[in-house]
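Inspection log for the structure reproduced underneath, given as structure tokens.
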Amino acid sequence: MQNLIITTFLAILLMVCDTSVSQGPVINKNYSLNVGVSLMYQEGLVNCKDGLLGFQIGKEFIRVEYFAFYLHGFEVTQNDNQSLVQLDENVWQSNGTALIKFDSGCNQNPTLRAEVSNQTIRATLPQSFINKISQIDNQATALKFKIGVPFEQNHLNPLVQDSPMNVSNMFWSWRNGYKFIRLDMSSNKNGFAFHLGSIGCQSSSSVRSPKSPCSVSNVIDTSVQLTEPLRPNDQNELPDINITVNLDALLMNSQIQREDSCMFNGIQQQEQCQKLVEPLHKQLFFSSL
């Protein structure tokens, strides 16, 4: 009787071990995804000239003195399928928000350039989503994201935040939060600035965070239709996505002059700001390269 019990126990144990070995570990693979961002004016790349970042308007050289913006809420959609994009954590990305910043100093040293500028969003997509959309022909694939900083992050103390949420040049105050877009340009004759952020933010003082969302968040939904399907290549890697920022679209109703500058730094929106925000809402600011 005792031998029968032992034999039965060993048989059950072998069955359990065999099942666990045959199933193996469950691996949830993610695909790495890089999104490159280029700066353009009238379909031409904005490059360095004599150590200055800028572009020509007629005979006049327009210098880009500072240009940076925050993005968050990334997702990829394909017809009726969609998946959130998980941003990597690094000095340019934190808690789902990324900072794109162009090198206005035109640094020749790659190490120094990497420290002061960033034109790549690094992220992952789940394998299950890629496998699903890869089987569908005639994909209509789009990269969607939001310009700006979510309310939960927008009014925190930047002095204790992880990079890139600690960049002082991109912050108004605890009450008003971050500059979602900061663009400073100049010519030999004039200057121009566009600083997008939330307005109508209420708190007891400028160094106190609002307890409820601002009356106008100015967080702008954006969608970029991709020109190529998002399918793994022969090395089982996703191709890079390349998008452009179109300065000519932003400036379609404005001139490079102080009178057309826009600062969202108070309770009310300046009248000239509408001319600059309109191209953002019309989905003209970003496009697929």
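The values are calculated or read from the model by the stated rules, or taken from the named source; none is laboratory data. Note that this is a predicted model, so its numbers are computed, not measured. Every residue, glycine among them, receives a Cβ derived from its backbone with ideal geometry; neighbour counts consider all protein chains shown.
A few remarks follow.
- Qualifying residue in segment 72-82 (condition: touching a residue at least 60 places away in the same chain (Cβ under 8 Å), out of contact with any His (no Cβ under 6 Å at 6 or more places or on another chain), farther than 30 Å from residue 127 by Cβ and surrounded by fewer than 20 Cβ atoms within 10 Å (Cβ to Cβ)): no
- The criterion of at least 3 residues that are more than 25 Å from residue 237 (Cβ to Cβ) is met by the following strands (runs of 3 or more DSSP E) wholly inside segment 64-142: 97-101.
- Qualifying residue in segment 199-215 (condition: of a type in the set (S, T, N, Q) and in contact (Cβ under 8 Å) with a residue 60 or more places away in the chain): no
- Any chance residue 154 is buried (at least 21 other Cβ atoms within 10 Å of the Cβ), more than 18 Å from the chain's Cα centre (by Cα) and either closer than 30 Å to residue 259 by Cα or touching a residue at least 24 places away in the same chain (Cβ under 8 Å) (or both): no
- Here residue 182 does not qualify as of a type in the set (Lys, Arg), in a helix (DSSP H, G or I) and either touching a Lys or Arg at 6+ places or on another chain (Cβ under 7 Å) or under 30 Å from residue 255 (Cα atoms) (or both).
- Taking the conditions (1) within 24 Å of residue 44 (Cβ to Cβ); (2) part of a loop (DSSP other than H, G, I, E, B); (3) at pLDDT 90 or above; (4) of a type outside the set (Asp, Glu) in turn, residue 194 satisfies each one other than (2).
- Residue ID - surrounded by the most Cβ atoms within 10 Å (Cβ to Cβ), chosen from residues in segment 163-176 that are under 19 Å from the mean Cα position of the chain (by Cα) and either of a type in the set (A, V, I, L, M, F, W, C) or more than 18 Å from residue 69 (Cβ to Cβ) (or both): 170
- Matching residues, segment 206-223, being in contact with a strand residue (DSSP E or B) (Cβ under 9 Å, 6 or more places away or on another chain) and over 18 Å from residue 281 (Cβ atoms): 206, 207, 209, 210
- Among residues of segment 218-244 that are within 18 Å of residue 131 (Cβ to Cβ) and free of Cβ contacts under 8 Å to residues at least 40 places away in the same chain, those with a beta-carbon under 8 Å from a residue that is of a type in the set (S, T, N, Q) and surrounded by fewer than 16 Cβ atoms within 10 Å (Cβ to Cβ) at least six positions away or on a different chain give the pairs 239/233.
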